[in-house]
1. Checking B:Gly417 against (1) within 14 Å of another protein chain (Cβ to nearest Cβ); (2) of a type in the set (Gly, Ala, Ser); (3) buried (at least 19 other Cβ atoms within 10 Å of the Cβ), which test does it fail?
2. Kindly indicate whether A:Leu50 is within 23 Å of A:Ile150 (Cβ to Cβ), of a type outside the set (S, T, N, Q), within 12 Å of another protein chain (Cβ to nearest Cβ) and more than 23 Å from the chain's Cα centre (by Cα).
3. Output the number of residues of the stretch A:76-130 satisfying the condition of being within 18 Å of the chain's Cα centre (by Cα) and either in a strand (DSSP E or B) or within 13 Å of chain B (Cβ to nearest Cβ) (or both).
4. Grab the strands (runs of 3 or more DSSP E) fully contained in the stretch B:306-398, keeping just those with 1 or more residues being assigned by TED's automatic domain parsing to the domain that holds B:Asp449 and either among the charged types (D, E, K, R) or farther than 30 Å from A:Leu94 by Cβ (or both).
5. Being of a type in the set (Ser, Thr, Tyr), in a loop (DSSP other than H, G, I, E, B) and within 14 Å of chain B (Cβ to nearest Cβ), is that true of even one residue in the stretch A:147-158?
6. Quick one: would you say B:Val436 is assigned to a strand (DSSP E or B) and within 14 Å of another protein chain (Cβ to nearest Cβ)?
7. Considering only the stretch B:332-342, I want to know if a residue exists there that is under 18 Å from B:Ile431 (Cα atoms), in contact with a helix residue (DSSP H, G or I) (Cβ under 8 Å, 6 or more places away or on another chain) and polar (S, T, N, Q).
8. Looking at B:Thr220, B:Thr170, which is the one that is surrounded by fewer than 22 Cβ atoms within 10 Å (Cβ to Cβ), farther than 21 Å from B:Glu84 by Cβ and polar (S, T, N, Q)?
Amino acid sequence: MKSAFFWPGFCVFALSLMIAGQVAAQGESASIESPRWSYEIRGGNYHPDLDLFETFYGDNKEDYFGLAGSYRLKEWLEIGGEYSQMRAKGVGILTSTQALGGSVTYRFNPVQIYSNFIFQRRLSQRVVPYVGLGLTVAEYEQDVEIQGSIDGHTDLGYSARLGVRFLVGSKGLTATAASAGNPDWRSYIFLEAQQISVEVDDIELGGQSYMLGFRMEFNP
Amino acid sequence: MKLRRSTRAQSLPIAGLVLLGSVCQPGLAATLVVPTDFATIQAAIDAANAQDVVLVEPGSYVENLNLRANVDVRGREAARTWLEPQDGQLPTVSISGADNLLFANFTLVDALVAVQVVASSSVQIASVVFDGSTAVAITAGINSTVDVTNNVFFANATAVQRSTADIDITNNIFRSNDITITSPLGLINNNINVEANCWSNNTDLLVNGIDTSYGSGAVTGNPQFIDPSARDFHLQQGSPCIDIGVGNDIIDNTIADAGAYGGQLADASPFPVAQPTLTDSSTTAPAATNIDVSWMPNESYLVTNSVLPGGYRVYYKQNTAGPPYDGGDASGGTAPSPIDAGDTTALTLGDLNPVAAFALAPRLLTATGANESVELNWEAVLGVNGYRVGYGINSTDENEVDTGDVTRFTVTGLINGTTYRFSISALTQAIYYVTVTAVDSTQNQNESDFSVEQSIQVGPINESPRSNELTALPEFIQPFPPLPDNGGCFIATAAFGADWAAEVQALRDFRDRFLLNNAAGRWLVAQYYRLSPPLAERLQEREYLKPIVRGLLAPVVALSLFMLASSPLAKAGVVGLLLSLVILIHRRQQRARSQRVSNGS
């Protein structure tokens, strides 16, 4: 599995970035904070860790979309939830002949809760890297034309993410405004890679995703 | 009563001479039909010349009308020509500075003000039903002369508001209005120019629960409308409003009835009969094809009458919908359409000779194997009533199944891994189309419009030649990756005893309709299926727990039933109520918090 090689390196990197982020945040004035709430709209590709996926669905990657929301506990730490979905159309195995045939639509929708560790020294920092870890459950559905559908969910699994945000705009981040209070909102474009590991009946449905997204932070 | 029409009739020759002398005006009165000639009533009014008549065919119209001088506006039938305002804040019909006109034969509904007359003389409002105006049905200002004749005022806030005594009120029925007749400051005596009206259950005229009235020649008592809830205000036999008016009825030439269906401008046609019911009552010994036709009676006293009844006519024909209904094969060809049914509400079209055409063989396009089934798809054949699928392992004659009039069908119950052969044939059967009319008891025997047509298939079924033959292999398709399927209402089934229990079915329907069509719902269902099997197993072993679980599930079942059975409005009402409760609690908490803070400071 690709994910087996991914995890150790990722964890070391995440830990170092987390510590660095925490250290960097020590310099911030306690009275100035980033907006607490945020939402994200994201889209990209999902590459399932299934060796024969391309044989049945024609490609080893599929379009992938997600929505996420998070709450900032500290300048360097936020918690959030994400719902994403992937849909692939392909064929199945005709059991009498073992040939490929029929029409199958496979849907894979992971739900994640996660913590992100953010490396941010200043409120107006233009490039903000981050790493995250999370718990994941995915629901799946295999709709076989005429025959009916199979649906269910995976066991609890894990996810990790690594990304970088690019500041697009903000309000209330000038020195004067900052001294008066917290910024009203801040927006980013971000690039993110995720590794998901979720199993059902010892079948790994996880994989990697690469996404571009828009993030809006705000104080309600 | 001032006869405005005679005034107008006298002026016609003068107007005609003036018009003949005009280069621009042709001078001949025309009838402008809506919606045949004009899409809207107002468009026809605007296009009309003086003396033209705008005639509106039965239907529902949503418009605010501005009438013009010397242009009459009439519905074809008051009972079926409905008009409601497009802008509910404006009068449905405005007559302002427009003299010498007639507005007749409409049912005005959902109005704030139905008709407003301002500074207009020689206006006649006749044979109109005013149903449920929330402010006033007719309001007429000073400098107006209006004849309000043979109308029905039903459930209006105010029926007639007049600022001058030159508003004559004759031969009308006032029923269930809050105020019948009024004037500014009550300056006009409500008995003046009010004659031969029928009064019942009006709030302003009830004295100790007994009806009183205004004017001369008044009659009180329930007018016995046929069905006000369906806006059918024809009178039933025994109504006190029959033959009590001024003048004669044009329908039967007796003394005029009060209300919209009496007098000189009443609808000639009875109200149509509701769609009839058809039943195949064919027999085998002796072999005869019969259709029993039955219908609901027209309760108008001119049709349903114990002394002088009207009757009904049954029209029929084979294989083509719509008029003309020119069937001729009933009773062995001796009873052509229409058949006079007399004063009954049932008739048998007996000893028919149904003829169904033979169809061409259809073309079977695809046969696709699936798990224990094969889906077939074929080209439609015109004029058929259905299709028959023949299938088998060695021959398509081994099994048959009728599919109805579809072009896609799935044959089920097949053995996976076995090749089957399929063909189809088209089925044709004669279709009879039947409609009924009501005929009144007058000398003219006025006949209603056709009822809504009803059809039935009867007689022998003809089968076309078989289509081409296709083979298919039913087999299970295993999707990739091979994942487990989680299905079933485990806990509910255990608690209610059976998978088919009504409560379980309600929960299943709720799941299918409200949860499985969205991701959050599907996730919730997935969690339920994940956690519930072991709990259900324990529940099966402990009978004493089942009533408790049923009790716990009761609100969920109730919620499911509410969501499945209630209208969007009811759902919105409940959500609104809950939101109000949340806001109320939240405000109370805020108030308590601020009080605590102020106490603390």
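1. Result: B:Gly417 passes all but (3).
2. no
3. Qualifying residue count, the stretch A:76-130: 26.
4. Once the strands (runs of 3 or more DSSP E) in the stretch B:306-398 are filtered for at least 1 residues that are assigned by TED's automatic domain parsing to the domain that holds B:Asp449 and either among the charged types (D, E, K, R) or farther than 30 Å from A:Leu94 by Cβ (or both), what remains is B:311-318, B:339-342, B:346-352, B:373-378, B:386-392.
5. Yes, the stretch A:147-158 contains a residue that is of a type in the set (Ser, Thr, Tyr), in a loop (DSSP other than H, G, I, E, B) and within 14 Å of chain B (Cβ to nearest Cβ).
6. It is false that B:Val436 is assigned to a strand (DSSP E or B) and within 14 Å of another protein chain (Cβ to nearest Cβ).
7. Yes; the residues of the stretch B:332-342 include at least one that is under 18 Å from B:Ile431 (Cα atoms), in contact with a helix residue (DSSP H, G or I) (Cβ under 8 Å, 6 or more places away or on another chain) and polar (S, T, N, Q).
8. Every option except B:Thr220 fails the conditions.
The values are calculated or read from the model by the stated rules, or taken from the named source; none is laboratory data. Small disclaimer: the values here were computed from a predicted structure and weren't measured. With ideal geometry, Cβ positions are generated from the backbone for all residues, glycine too; neighbour counts draw on all protein chains shown.
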